[in-house]
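Engineer: Below are the structure tokens for one structure; questions will follow.
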Amino acid sequence: MYDVIIIGAGVSGCAVARELARYKTRVLVLEKEEDVCCGTSKANSGIVHAGYDAKPGTLMAKLNVEGNAMIHKLCRELDFDFAPIGSLVVCLKEEDRPRLQELYDRGIKNGVPGLKIIERDRLLQLEPNIADNAVCALFAETAGVVCPFGLNIALAENAFTNGVEFEFNSEVRDIAFVDGKWQVTTDKEKYETKAVVNAAGVYADKFHNMVCDSIINITPRKGEYMLLDRTCGGYVRHTVFQLPDEMGKGVLVSPTAHGNLLVGPTAEDIEDKEGVNTTPFGLDKIASFSMKAVKNVPFRSVITSFAGLRAHEDGGEFIIGEAPGTDGFFDCAGIESPGLTSAPAIGRYLAEMIRDKYHFAVNQEFNGKRKGIIRPKNLSESELNMLLKDRPDYGEVICRCESITKGEIVDSIIRPLGAKSLDGVKRRTRAGMGRCQSGFCSPKTMEIISEMLGIPLSEVTKSGKGSKIIVGSNKDEI
Amino acid sequence: MDYDIVIIGGGPAGLAAAVSARKAGVEKILILERDNKLGGILNQCIHNGFGLHTFDEELTGPEYAQRFIDQVKELGIEYKLNTMVMEISKNKVVTALNRAHGLFSIKAGAVILAMGCRERSRGALNIPGYRPAGIFSAGTAQRLVNIEGYMPGKRVVILGSGDIGLIMARRMTLEGAKVLAVAELMPYSGGLKRNIVQCLDDFGIPLKLSHTVIDIEGKDRVTGVTIAEVDENRKPIPGTEEHFDCDTLLLSCGLIPENELSSSMGVELHKVTNGPVVNESLETNIPGVFACGNVLHVHDLVDFVSEEAAIAGKNAVRYLAGEGSCMGKDIKIATEGGVRYSVPTTINPGRMTNELTVRFRVGDVYKDKYLSVYFNNERISHKKKRIMTPGEMESVTLKRDELEKVNNLTGITIKIEEE
Ligand SMILES: Cc1cc2nc3c(=O)[nH]c(=O)nc-3n(C[C@H](O)[C@H](O)[C@H](O)COP(=O)(O)OP(=O)(O)OC[C@H]3O[C@@H](n4cnc5c(N)ncnc54)[C@H](O)[C@@H]3O)c2cc1C
Ligand SMILES: Cc1cc2nc3c(=O)[nH]c(=O)nc-3n(C[C@H](O)[C@H](O)[C@H](O)COP(=O)(O)OP(=O)(O)OC[C@H]3O[C@@H](n4cnc5c(N)ncnc54)[C@H](O)[C@@H]3O)c2cc1C
């Protein structure tokens, strides 16, 4: 019997799990994919929003501003990559100035610190590549960029080392409240628990509607991106937005936490909750839309494109809390942008709510600190050479584009909740995320995975079941 | 550690440069190679066809490389394997990393860049669709098949008709896969004619020119791809879509010289080749830093790589001896009328050898056109070429005495002319 079962190991589910680990509880996270961070949390803009977008008084506004402040500290506690670079919302027409002012006012109401409206001259100093017709901009100094995988994985690892259990490749099929307990049935197993947290991303409406009469409806809203080589990371220095419209925050141009340049997303409502394919239409749109705010984006240096799905609920607000008429079914639904930013605050908010209902005692042994993977790139020559004395694997470069060593890849596999696939290694180390997109390193990384997990090379996958990379040996079919 | 010449990369270019520099009399030479053996990309090119020009025989890639590796060993040239060069400073301090020595620095008198190239990835091609397993660059597939002995797939579509793709079409077929088609965006192939005949035609594999992949299906592993014909602006033509059930898509859509090290040390790169801009000595804008092989511009025949690299090696030795610095002025080579670039881009007659090969590629297929060379406005050579294609590197040879004959030479032009 569990105290809490969480459906979904995205950033929301893992944030709740880590906060629940602060109490004496037995918590299980069920995830249908083979790893954490396989849903929306792996494909988004990675912006830590300042908090001027959401309507004052909404949960979204409150958790965004709180989450932003938390991430500024959490990045040190949990050792993930975050860069507080600040953001700019650029106004391209004088007549739109009132809309920019509106954003500023909203930000002030939401309690966002460090907001300023800057004029063209200052804007040009900050961003030499800004569009010629830019008039002014809203500057938010607390905004930043985070590695979304880094945040999600750090939360999960820390939850795990503090006792939270994780089951992967476990798809929840059914939930029922029987004799005062919840029965959660996956494709493999049946579990019992006092409380359920529904953090299933785009699928959260399905579980909510299974147990609650007031129906919610989540539409996957696709956002496509192009990612440019690190050589272009400095093309803009802040996250550059255009003025938002009804479909969202528009196409942005931003450095990422690792110094690439990210351009996107589009916004298109679709039906398929797995529809993360990119489209010719989407990719064209990114190119033409981004050019409005930033001049001559160097699209020649695109290294990859991808798409993510926003879990857009009809009400446009986060749905967090006990579902009406249920006893212990907690929603964490409709977590669209700024969901990543808000995640730490969402985790705390929901965990405290659950604690209060069940009177969980404080877990004195909770340790909120976590060390990430050692990055030889960030060490000085003498530090690195010290490390290499015991651990020569850190002297063997596997991914040449990102200079990722064997030591880092091995660590990503053997650490708590370690990687099991090429994509798992990639999200933890960046091996294969560079300009050649794993052309050189994938055979070597496959070998390391095979060796560390003790599986044959032919069983190594890209991203779990059904995604084997090789199909047999030469001449098998002859 | 101090060396006269440090060579970055132990592929055919690095090896040939080392051998020629040693033969020209320099003692302290060091080759740094990231991989666990010398030979570069040739190690995975187990087909034959290498060395026809240099050795007058048809060798496999590893055999060709071995000839040079043997010389490197006989000449006692030092090399370090499993060693990744991380950084080169403007004043030629090379920083490298390996298991045995950790991070270490070497002061070089001259540096020869020979890092080769990488393949253009799916992302760089902007192919829409899902991102499942089963999408490989042709070179990655070549490594899996030829070195590891594993099949990346059973039913294969290949995008791009570069040489690696053509060779992999044949290899995959020989190993038991079914290659359904090779689609090529351009109206001509990017590969050598002989490879189209020997790798596609001989196996009945269709080459679909002016076609591209417009969708990739499959959420875990590729289940199919859709290709379509493209118009003259390379945009897909609606109604021409053709679907293939397949588990694998191989990409052979061009190679990009690996110049991140070069550009971060301040070497100027050429917009067309993505390789360093070099003068007649294959020297970059940083004196004493030379480039050769695929890092300079993408080659199709390794023989020319070796030839070019030997010149770079010799010139590095001349540089160390203090010869060749600043004599007269550099003359620019302009390329026009379908000639896309030239290597080198400038010539200094004072430093030039008696004969100098200028290599270049054309931007389209040209049949029965003339290839001309002008000194100032005077046409000094005019040759009819039966065919020139973007897939095959062309060259002209310039003679020093002819350059010197011209009064006040200010520019050289290479161009294609109708007549
Ligand atoms: C295009 C785009 C841009 C964005 N940009 C930003 C931004 O810049 N800043 C920001 O703060 N936020 C941004 N967001 C929002 C942010 O990415 C999300 O709010 C956040 O990732 C949601 O996390 P989650 O854990 O709720 O959902 P997910 O990450 O989708 O996690 C849900 C998990 O549940 C699992 N699951 C589903 N069904 C089942 C089942 N039956 N059984 C078991 N497991 C199941 C899924 O596999 C998945 O792992 C963006 C979103 C998108 C799409
Ligand atoms: C698939 C394929 C088929 C071919 N077929 C033919 C053919 O049939 N006939 C023919 O004549 N030619 C053929 N070629 C062409 C010929 O093989 C290449 O042009 C030649 O190998 C290029 O030599 P290189 O030394 O410039 O580059 P490479 O062979 O790529 O060598 C570069 C070396 O530098 C190393 N390196 C790179 N960066 C670093 C660093 N930072 N630190 C240390 N080391 C580094 C790399 O590991 C590599 O070993 C073919 C090429 C390919 C790819």
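Engineer: So, in the stretch A:449-467, of the ones that are surrounded by 21 or more Cβ atoms within 10 Å (Cβ to Cβ) and not in a loop (DSSP other than H, G, I, E, B), which residue ends up farthest from the other protein chains (Cβ to nearest Cβ)?
Structural biologist: Filtering the stretch A:449-467 for residues surrounded by 21 or more Cβ atoms within 10 Å (Cβ to Cβ) gives A:449, A:460-463, A:467.
After this cut, where a residue has to be not in a loop (DSSP other than H, G, I, E, B) as well, the list is A:449, A:461.
Working: A:449: 13, A:461: 7 Å.
Within the stretch A:449-467, the match that is farthest from the other protein chains (Cβ to nearest Cβ) is A:449.
Engineer: Is there a residue in the stretch A:214-230 that is open to solvent by 30 Å² or more (accessible area, probe 1.4 Å), more than 14 Å from every other protein chain (Cβ to nearest Cβ) and over 23 Å from the mean Cα position of the chain (by Cα)?
Structural biologist: Looking for residues that are open to solvent by 30 Å² or more (accessible area, probe 1.4 Å), more than 14 Å from every other protein chain (Cβ to nearest Cβ) and over 23 Å from the mean Cα position of the chain (by Cα), one finds at least one in the stretch A:214-230, hence yes.
Engineer: Look through B:267, B:317, B:298, B:272 and report the one residue that is within 16 Å of ligand 2 (Cβ to nearest atom) and either outside any loop (DSSP other than H, G, I, E, B) or within 14 Å of chain A (Cβ to nearest Cβ) (or both). Please lay out each step first, then the result.
Structural biologist: Values: B:317 fails: within 16 Å of ligand 2 (Cβ to nearest atom); B:298 fails: either outside any loop (DSSP other than H, G, I, E, B) or within 14 Å of chain A (Cβ to nearest Cβ) (or both); B:272 fails: within 16 Å of ligand 2 (Cβ to nearest atom).
So the residue among B:267, B:317, B:298, B:272 that is within 16 Å of ligand 2 (Cβ to nearest atom) and either outside any loop (DSSP other than H, G, I, E, B) or within 14 Å of chain A (Cβ to nearest Cβ) (or both) is B:267.
Engineer: Go through the stretch B:363-380 residue by residue and tally those that are at negative phi, touching a strand residue (DSSP E or B) at 6+ places or on another chain (Cβ under 7 Å) and surrounded by fewer than 16 Cβ atoms within 10 Å (Cβ to Cβ).
Structural biologist: So the count comes out to 2.
Engineer: Quick test for you: out of B:323, B:355, B:307, pick the one residue that is within 28 Å of residue B:254 (Cβ to Cβ) and open to solvent by 20 Å² or more (accessible area, probe 1.4 Å).
Structural biologist: Numbers: B:323 fails: within 28 Å of residue B:254 (Cβ to Cβ); B:355 fails: within 28 Å of residue B:254 (Cβ to Cβ).
None of the others qualify; the one that does is B:307.
Engineer: Given the conditions (1) surrounded by fewer than 23 Cβ atoms within 10 Å (Cβ to Cβ); (2) without any contact (Cβ under 8 Å) to a residue 40 or more places away in the chain, which single one is not true for residue A:312?
Structural biologist: Condition (2) is where residue A:312 drops out.
Engineer: Tell me which residues, restricted to the stretch B:200-246, are part of a loop (DSSP other than H, G, I, E, B), modelled with pLDDT of 95 or more and over 28 Å from the mean Cα position of the chain (by Cα).
Structural biologist: B:204, B:218, B:220, B:222, B:223, B:231, B:237, B:238, B:239, B:240, B:241, B:246
Engineer: Being within 14 Å of another protein chain (Cβ to nearest Cβ), in contact with a strand residue (DSSP E or B) (Cβ under 7 Å, 6 or more places away or on another chain), part of a strand (DSSP E or B) and open to solvent by less than 10 Å² (accessible area, probe 1.4 Å) is true for just one of B:112, B:31, B:106. Which residue is that?
Structural biologist: Numbers: B:112 fails: within 14 Å of another protein chain (Cβ to nearest Cβ); B:31 fails: within 14 Å of another protein chain (Cβ to nearest Cβ).
Exactly one of B:112, B:31, B:106 is within 14 Å of another protein chain (Cβ to nearest Cβ), in contact with a strand residue (DSSP E or B) (Cβ under 7 Å, 6 or more places away or on another chain), part of a strand (DSSP E or B) and open to solvent by less than 10 Å² (accessible area, probe 1.4 Å), namely B:106.
Engineer: Next up: Residues A:21, A:9, A:54, A:15: which one is near ligand 1 (Cβ under 6 Å from one of its atoms) and in contact (Cβ under 8 Å) with a residue 24 or more places away in the chain? Explain how you work it out, then say what you get.
Structural biologist: On the way: A:21 fails: near ligand 1 (Cβ under 6 Å from one of its atoms); A:54 fails: near ligand 1 (Cβ under 6 Å from one of its atoms); A:15 fails: near ligand 1 (Cβ under 6 Å from one of its atoms).
The unique qualifying residue is A:9.
Engineer: Taking residue A:57 and the conditions (1) at positive phi; (2) open to solvent by less than 10 Å² (accessible area, probe 1.4 Å), which numbered condition does it fall short on, given that it satisfies the others?
Structural biologist: Among (1) at positive phi; (2) open to solvent by less than 10 Å² (accessible area, probe 1.4 Å), residue A:57 violates only (2).
Engineer: Also, I was wondering about something else. Within the stretch A:232-239, can one find any residue that is part of a helix (DSSP H, G or I), away from ligand 2 (no atom under 16 Å from the Cβ) and crowded, with 18+ Cβ neighbours inside 10 Å?
Structural biologist: Of the residues in the stretch A:232-239, the ones part of a helix (DSSP H, G or I) are A:232.
If we keep only those that are away from ligand 2 (no atom under 16 Å from the Cβ) too, we end up with A:232.
Okay, now just the ones that are also crowded, with 18+ Cβ neighbours inside 10 Å, so A:232.
So far as the stretch A:232-239 goes, yes, one or more of its residues are part of a helix (DSSP H, G or I), away from ligand 2 (no atom under 16 Å from the Cβ) and crowded, with 18+ Cβ neighbours inside 10 Å.
Engineer: Oh, and also: If you check residue B:71 against the conditions, is it away from ligand 1 (no atom under 16 Å from the Cβ), closer than 28 Å to residue B:192 by Cα and either assigned to a loop (DSSP other than H, G, I, E, B) or of a type outside the set (Gly, Ala, Ser) (or both)? Before you say what the answer is, go through the steps one by one.
Structural biologist: Numbers: away from ligand 1 (no atom under 16 Å from the Cβ): yes; closer than 28 Å to residue B:192 by Cα: no; either assigned to a loop (DSSP other than H, G, I, E, B) or of a type outside the set (Gly, Ala, Ser) (or both): yes.
In short, no.
Engineer: Residues in the stretch A:192-213 that are in a strand (DSSP E or B) and either within 22 Å of the chain's Cα centre (by Cα) or not charged (D, E, K, R) (or both): how many? First the steps, then the outcome.
Structural biologist: Within the stretch A:192-213, the subset in a strand (DSSP E or B) is A:192-198.
Remaining after also requiring either within 22 Å of the chain's Cα centre (by Cα) or not charged (D, E, K, R) (or both): A:193, A:195-198.
Qualifying residue count, the stretch A:192-213: 5.
Engineer: So residue B:129 clears everything in (1) more than 25 Å from residue B:35 (Cβ to Cβ); (2) in contact with a Lys or Arg (Cβ under 6 Å, 6 or more places away or on another chain); (3) within 8 Å of chain A (Cβ to nearest Cβ) except one condition, right? Which one?
Structural biologist: (2)
Engineer: If I ask for residues that are facing another protein chain (nearest Cβ under 9 Å) and either assigned to a loop (DSSP other than H, G, I, E, B) or within 12 Å of ligand 1 (Cβ to nearest atom) (or both), which ones from the stretch A:279-306 would you list?
Structural biologist: A:279, A:282, A:306
Engineer: Now a separate question. Take the residues in the stretch B:403-419 that are of a type in the set (D, E, K, R) and in contact (Cβ under 8 Å) with a residue 12 or more places away in the chain, then tell me which one is most open to solvent (accessible area, probe 1.4 Å).
Structural biologist: Going residue by residue through the stretch B:403-419, those that are of a type in the set (D, E, K, R) are B:404-405, B:415, B:417-419.
Filter once more, so that each one left must be in contact (Cβ under 8 Å) with a residue 12 or more places away in the chain: B:404, B:415, B:417-419.
On the way: B:404: 107, B:415: 49, B:417: 31, B:418: 130, B:419: 153 Å².
Only one residue tops the list, namely B:419.
Engineer: Show me the helices (runs of 4 or more DSSP H) entirely contained within the stretch A:356-445 in which 1 or more residues are more than 26 Å from residue B:122 (Cα to Cα). Break it down into steps so the answer makes sense when it comes.
Structural biologist: Working: elements: A:381-390, A:406-414, A:422-429.
By residue number, A:381-390, A:406-414.
Engineer: Among B:143, B:170, which is of a type in the set (Lys, Arg), within 11 Å of another protein chain (Cβ to nearest Cβ) and buried (at least 18 other Cβ atoms within 10 Å of the Cβ)?
Structural biologist: Details: B:170 fails: within 11 Å of another protein chain (Cβ to nearest Cβ).
Sole residue among the options that is of a type in the set (Lys, Arg), within 11 Å of another protein chain (Cβ to nearest Cβ) and buried (at least 18 other Cβ atoms within 10 Å of the Cβ): B:143.
Engineer: Taking residue B:263 as the residue in question, decide whether it is open to solvent by 30 Å² or more (accessible area, probe 1.4 Å), on the phi < 0 side of the Ramachandran plot and more than 16 Å from ligand 1 (Cβ to nearest atom). Before the answer, list the steps.
Structural biologist: On the way: open to solvent by 30 Å² or more (accessible area, probe 1.4 Å): yes; on the phi < 0 side of the Ramachandran plot: yes; more than 16 Å from ligand 1 (Cβ to nearest atom): yes.
It is true that residue B:263 is open to solvent by 30 Å² or more (accessible area, probe 1.4 Å), on the phi < 0 side of the Ramachandran plot and more than 16 Å from ligand 1 (Cβ to nearest atom).
Engineer: May I ask you to verify whether residue A:128 is within 30 Å of residue A:378 (Cβ to Cβ) and free of Cβ contacts under 8 Å to residues at least 24 places away in the same chain? Write out each step before concluding.
Structural biologist: Numbers: within 30 Å of residue A:378 (Cβ to Cβ): yes; free of Cβ contacts under 8 Å to residues at least 24 places away in the same chain: yes.
So residue A:128 fits the description; yes.
Engineer: Would you be able to tell me the number of residues in the stretch A:352-383 that are more than 19 Å from residue A:431 (Cα to Cα) and within 13 Å of chain B (Cβ to nearest Cβ)?
Structural biologist: 4
Engineer: Looking only at the stretch B:85-103, count every residue that is under 21 Å from residue B:40 (Cβ atoms), buried (at least 20 other Cβ atoms within 10 Å of the Cβ) and either small (Gly, Ala, Ser) or facing chain A (nearest Cβ under 10 Å) (or both) and tell me the total.
Structural biologist: Residues meeting the conditions: 4.
Engineer: Go through B:141, B:183, B:169 for me and flag whichever is more than 16 Å from ligand 1 (Cβ to nearest atom), under 29 Å from residue B:235 (Cα atoms) and assigned to a strand (DSSP E or B). So that I can check it myself, show each step before the final result.
Structural biologist: Working: B:141 fails: assigned to a strand (DSSP E or B); B:169 fails: assigned to a strand (DSSP E or B).
Only one candidate passes the filter, namely B:183.
Engineer: While we're looking at this one, here's another question. Exactly one condition in (1) within 17 Å of the chain's Cα centre (by Cα); (2) surrounded by fewer than 22 Cβ atoms within 10 Å (Cβ to Cβ) is false for residue A:31; which is it?
Structural biologist: So residue A:31 meets the others, but not (2).
Engineer: For the stretch B:326-349, which residues satisfy the criterion of being under 19 Å from the mean Cα position of the chain (by Cα) and open to solvent by less than 60 Å² (accessible area, probe 1.4 Å)? Break it down stepwise before answering.
Structural biologist: Taking the stretch B:326-349 first, the residues under 19 Å from the mean Cα position of the chain (by Cα) are B:339-345.
The answer is B:339, B:341, B:342, B:343, B:344, B:345.
The values are calculated or read from the model by the stated rules, or taken from the named source; none is laboratory data. What you see is a predicted model, and the numbers here were worked out from it, not measured in a lab. For neighbour counting, all protein chains shown are included, and Cβ atoms are generated from backbone atoms with ideal geometry for every residue, glycine included. Side chains are part of the model used for accessible areas, which takes the heavy atoms of the whole protein and leaves out ligands, DNA and RNA. Shrake-Rupley method; radii C 1.70, N 1.55, O 1.52, S 1.80 Å.
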